[in-house]
Each structure stands twice: as C-alpha cells, then as structure tokens.
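Asks: Sharing a structure here in structure tokens format.
Computed from the coordinates by the stated procedures, all read-outs in this text should not be read as laboratory data. Values in this document were obtained by computation on a predicted structure and should not be read as measured data. Cβ: placed from backbone, ideal geometry, glycine included. Neighbour counts: every protein chain shown.
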Amino acid sequence: MQVVLFLSVFLIAACGLVYELIAGTLASYLLGDSVLQFSTVIGSYLFAMGIGSWMSRYLTRGLVARFISIELMVGLVGGFSSTLLFFGFAWGRGFHLQLYGVVIAIGVLVGLEIPLLMRILKGRFEFRDLVAHVLTFDYLGALGASLLFPLFLVPRLGLVRSALAFGIVNAVVALWSTFLFRERLRRPGALRVMSGAVLALLGIAFAGANRITAAAEDNLYADEVIFARDTHYQRIVLTRWKDDLRLFLSSHLQFSSRDEYRYHEALVHPGLAALPDARRVLVLGGGDGLAVREILRYPNIARVTLVDLDPEMTRLFSTHPALKQLNGGSLTNPRVRIINADAFPWLERTAEMFDFVVVDFPDPTNYSLGKLYTTVFYRMLARHLTPGALVVVQSTSPMFARQSYWCIVKTMELCGFSVYPYHAYVPSFGEWGYALGALGPYRPPATLPAGLRFLNTATLAAMFDFPRDMARVDAEPNRLNNQVLVRYYDEEWNRIAR
C-alpha cells in the first residue's frame, strides 16, 4: 500500500513537470527567445501552484473524491495542452492568452494535488514522516521527468503524444485511487466510470496523435506537410507545393527550393572564389548541405568539415531523395566530414585550422543561438583561420532587421576582423545580409565558378553597395553576458509582424 501511495506522488510530480516543460518548449519553438519563454512559463506555473496550494485549505469535505476529480482534470487539461497550443498558434489569435491560460490552469490544479494527498494520508503516518516521504518522492518525480523529457519523450513521442501519455498517467492515478481509498468514497463506481471515460478519450487521442499534429500543421503551414519531426533541439517541418520544397525549423522558414540558390551562392562565392589556394573549409550550421553543395564546385577543396548540432538534420538531408537531389548529394561526398556537435564547445576544443569558414546558423531568435554571434565566438573563430583566410556570416536582413545586421558587423570588427558587408535579394526573405570577415586584405574575385544561376561579377560588385534605407546605423556589439543582438532582433521583427 505504501509503495503505491508514494508511487502516486512520484507520478503526479513527473506529470506536472512534463506539462510545464512542454509549454515552455512549445513557446520557445513558436515564439523564439527560449530564455524569456521558459522564464515566464516557469514563473507563471509556480505562481499558479501557489494559488492552488492556498485554495486547498477551503476544500474540507470529500477529500478523496475531490483529489480524484482534480487528477482527472489535470489529465485532461495537461494531456491536451500541446494540442490546444498547436491549434491556438495555427489559428493566429490570442496565442499568448491561451498559453498562459493553460499554464495557470495546470499550475492551479497541480498545486491542489499534493496538499490534498497529504491531508488524505495524514492518519496513516506521523506528520514528520509524511512530509519527508511526500516531498522526497515529489522531487524524485521531478528529476525523473526532467531526464525523460529531452532524452526520450521529445525525440521518440513528440510534444503532442508526450502530453497525452502523461495525461493517461494522471487518469491511471485517479483510477487506482478509487480502489486504494474505496472505503472513503461514497460512490466509487461513478468515479471509476469517469476515470475510464477520461482514459478512453486520452487513449484515442494518443492513437490519433499524428492526425492531430497534421491537422494543426495544415493550418500553420500554407503547403502540404511531407515531413515533421521533433528532435532534441528543434521541430523540423518540410512542406511541398508543386516543385517548391520549404524547410521550417521551429516554425521559422529556412529556405525555399525555388530561390535557395540565390542565398547560398551569395553566401559562399564572394569569399571562396577569392581564395584560389583554399583547401580546408569549415561550415558551421548548414546541415541541409546546400552551402556544402556550392563549396564542392571548387576542385581545389580537399576537405569540407560540416558541424551541425542536430543529427536528424544531416541524416534527413543525406537520405531523403528529394533533398539529396536538391543538395546534389553533397553530404555523402567523400570530401565531406560531418560532425554533429554544438559549434561553440567544438570550436573551443578543436585545434584544426581552416582556409575558409561559412557560418550559416539560424537567425538569433533566442540566447542559445545568440551566443553564436558574440565576441567570444568570433574570437574563437579567428584562432582557427590560416593566414589570408576568410569567414562569412549569414547576418539576417539589413532591410527588416537593420540594427541587428549592423550589430553583427560591429561585433566582428571588435574581434579584429576587417568586415566587408554585402547583401542579396532572395524572394522568400527579401533583402538578406552577409558579413565577410578578413584578418588581412580582401579583394572581390575576378572570376566565379561555372554553372551559377544568380551570381556574376557585375551582380557581385553591386552587392557591396548599400542604399540609404539599409546603410549603417549605430549598434552595440553582441557580448555573451548581455546578448543585445537577441533584443534587437526580437524588437525589429516584431515591429514588422505588427
């Protein structure tokens, strides 16, 4: 009996933390700025738990029946939380209100659980033993959930199924409580029927989770979703309309196959074509292999090292037939070495030197990405450049995120680079910016590889000219301790969205 009771505490704690982690993860996926989203979600959740604990004092009768009812409510609200939030974001109205409404509702219900359970159990244990045991298993449940969530739940089940699975756990706790405390229930049969109904509803939803996710993403994305997967690091979605393939990472468009060649030709060739003796190239990010495709146009390149955090990205773009065709099979080329690692610590550990570096990270929508645009990172990068080497950084839009763009330029300059800013028009994104950094002199190349679809020497020269509405503005450098770039980026793109 005692084992089952304290197992209930363990499972209740695990469920509550999983719902909290799901809300924070979804918010950071869909809204960016993971520090802000997790901070506000956790703060709201703990505040709501406090309200629930305070409210528990007013529940004085039928404590067991109320506990079971609360478990069922937690199972329903928590179990369907990710489904509600996905659909809420897809509909595009009042998402923040829905997010914090769900978080607070779950928090209040979870805050009611433990005080009620302690009052139910107080006759079976001495108070000091009761408190010690309940809190011990509560904390152990939180630890178990925090380990299970990133290592198993997100990559194996995804966010929708993970929430539903733990909703089922809450309903199971409610059901077995009708047997554990049957002598204290007036109508255990009715509560068992309710528990069975909730279990059935959650079980049906769990079985149809792929359809639920597909329905939400059909509203979220304009085109047919042909691939979707949650990984340890992001949500990967691939859509198709006729011959147009589009990649979205955590809801942010990364490329359209109709015009990605403009972006990637502009990213690679202004720098690499100016280095006829380059042999070793490093690509940071760019797990789609499209930048690597452009680098492999140069026969003098002996080795391309691609460092991308997410193994699912490089696996997908190495094996999916349509994506392999798009990147020309670049990721399976014998000249290419793939390393799945966080670029920041990898760059700190490695002793390798490179003649050309392509930094193709996603935009700095959050602090985990923003660290890859800091003075610390660029100084580390400079230590791995051979004499005469160049580095190019994709640097968001100088039109729509003007201060963000020039912040990146300023940061690189502070680290000793001579920076040559340039831009190109990519229809899916508008005007897009790049920063070419050199520790010595740079001269634009007189020739370019054959077979390019966008660049020629005339368009290349024009890319280094900035019109007045994209000209340089003052910006602070992006340092690791403050990451001002993330704030600039968030403010500027939110202004456009409004």
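Asks: So what's the gap between the Cα centers of region 24-70 and region 433-498, to the nearest angstrom?
Replies: 43 Å
Asks: In Å, the Kirkwood hydrodynamic radius of the chain over pairs of distinct alpha carbons?
Replies: Values: mean 1/r = 0.0400 Å⁻¹.
Over the chain, the inverse of the mean reciprocal pair distance is 25.0 Å.
Asks: Mind checking the log10 I(q)/I(0) for region 318-389 at q = 0.11, 0.16, 0.24 Å⁻¹? Debye, one equal scatterer per Cα, no solvent, two decimals.
Replies: For region 318-389 at q = 0.11, 0.16, 0.24 Å⁻¹, log10 I(q)/I(0) is -0.38, -0.75, -1.15.
Asks: For region 2-210, what class follows from the C-alpha gyration tensor (a ≥ b ≥ c being the square roots of its eigenvalues): rounded when a/c is under 1.5, otherwise prolate if a/b is larger than b/c, else oblate?
Replies: The shape class here is prolate.
Asks: Sticking with this one: P(r) for region 159-208, please, calculated from all Cα pair distances in 10 Å bins and given in %.
Replies: Calculated P(r), rounded to whole percents: 29, 46, 20, 5.
Asks: Moving on to the next point. All other residues with a Cβ under 12 Å from the Cβ of residue 246 taken together, and with Lys, Arg as +1 and Asp, Glu as -1, what is their net charge?
Replies: For residues surrounding residue 246, the net value is -4.
Asks: Now for a separate question. Could you work out the relative contact order of region 165-287, using alpha carbon pairs under 8 angstrom and six or more residues apart, expressed as a whole percent? Each step should come with its number before you reach the end.
Replies: On the way: 97 pairs, mean separation 13.6, N = 123.
Relative contact order comes out at 11 percent.
Asks: So if I average 1/r over every pair of distinct C-alpha atoms in region 1-123 and take the inverse, what Kirkwood radius in Å does that give?
Replies: Numbers: mean 1/r = 0.0665 Å⁻¹.
Taking the inverse mean of 1/r over all distinct Cα pairs, region 1-123 comes out at 15.0 Å.
Asks: I would also like to ask the following. If you restrict to DSSP beta bridges whose two residues both lie in the chain, what percentage is antiparallel, to the nearest 5?
Replies: Details: 30 of 50 bridges.
Close to 60 percent.
Asks: For the chain, calculate the relative contact order in percent as a whole number, restricting contacts to Cα pairs under 8 Å that are 6 or more residues apart.
Replies: Numbers: 844 pairs, mean separation 63.8, N = 498.
Relative contact order here is 13 percent.
Asks: Summarise the long-distance tail of P(r) for region 95-245 by giving the % of C-alpha pairs beyond 22 Å. Walk me through the intermediate numbers first.
Replies: Values: 6624 of 11325 pairs.
Of all Cα-Cα distances in region 95-245, 58 percent exceed 22 Å.
Asks: Give the separation of the Cα centroids, region 281-300 to region 352-409, in Å.
Replies: 16 Å
Asks: Taking the DSSP beta bridges in region 354-498 as the whole, what percent of them are antiparallel, to the nearest 5?
Replies: Values: 14 of 19 bridges.
So the antiparallel bridges in region 354-498 amount to around 75 percent.
Asks: How about residue 242: which aspartates and glutamates have a C-alpha closer than 13 Å to its C-alpha, ignoring those fewer than 8 places off in the same chain?
Replies: Straight-distance partners of residue 242: 223, 224.
Asks: Then there is this: What's the FRET efficiency of residue 325 with residue 383 using the Cβ-Cβ distance as r and R₀ = 56 Å, to the nearest 0.05?
Replies: On the way: r = 37 Å, r/R0 = 0.67.
My answer for the efficiency is 0.90.
Asks: Among all the lysines, which ones have a C-alpha under 25 Å from residue 371's C-alpha, if same-chain residues fewer than 8 places away are not counted?
Replies: Within the straight-line limit of under 25 Å, residue 371 reaches these lysines: 410.
Asks: On to the next question. For n ≥ 4 DSSP H runs only, could you compute -39500 (n - 2.57) per run for the chain, divide by its residues and tell me the 222 nm figure to the nearest 500? Walk me through the numbers on the way to the answer.
Replies: On the way: 19 runs with 271 residues, N = 498.
Counting only the DSSP helices, I get -17500 deg cm²/dmol.
Asks: If you wrap a convex hull around the alpha carbons of region 361-441, what volume per residue comes out, as a whole number of Å³? Mind showing how you got there, number by number?
Replies: Numbers: hull volume 7.2 nm³, N = 81.
Enclosed volume per residue, from the Cα hull, is 89 Å³.
Asks: Shifting gears a bit: Given 5 Å bins starting at zero, what is the percent of C-alpha pairs of region 259-497 in each, up to the one with the largest pair distance?
Replies: Once binned at 5 Å, the Cα pair distances of region 259-497 give 1, 7, 15, 19, 21, 18, 12, 5, 1, 0.
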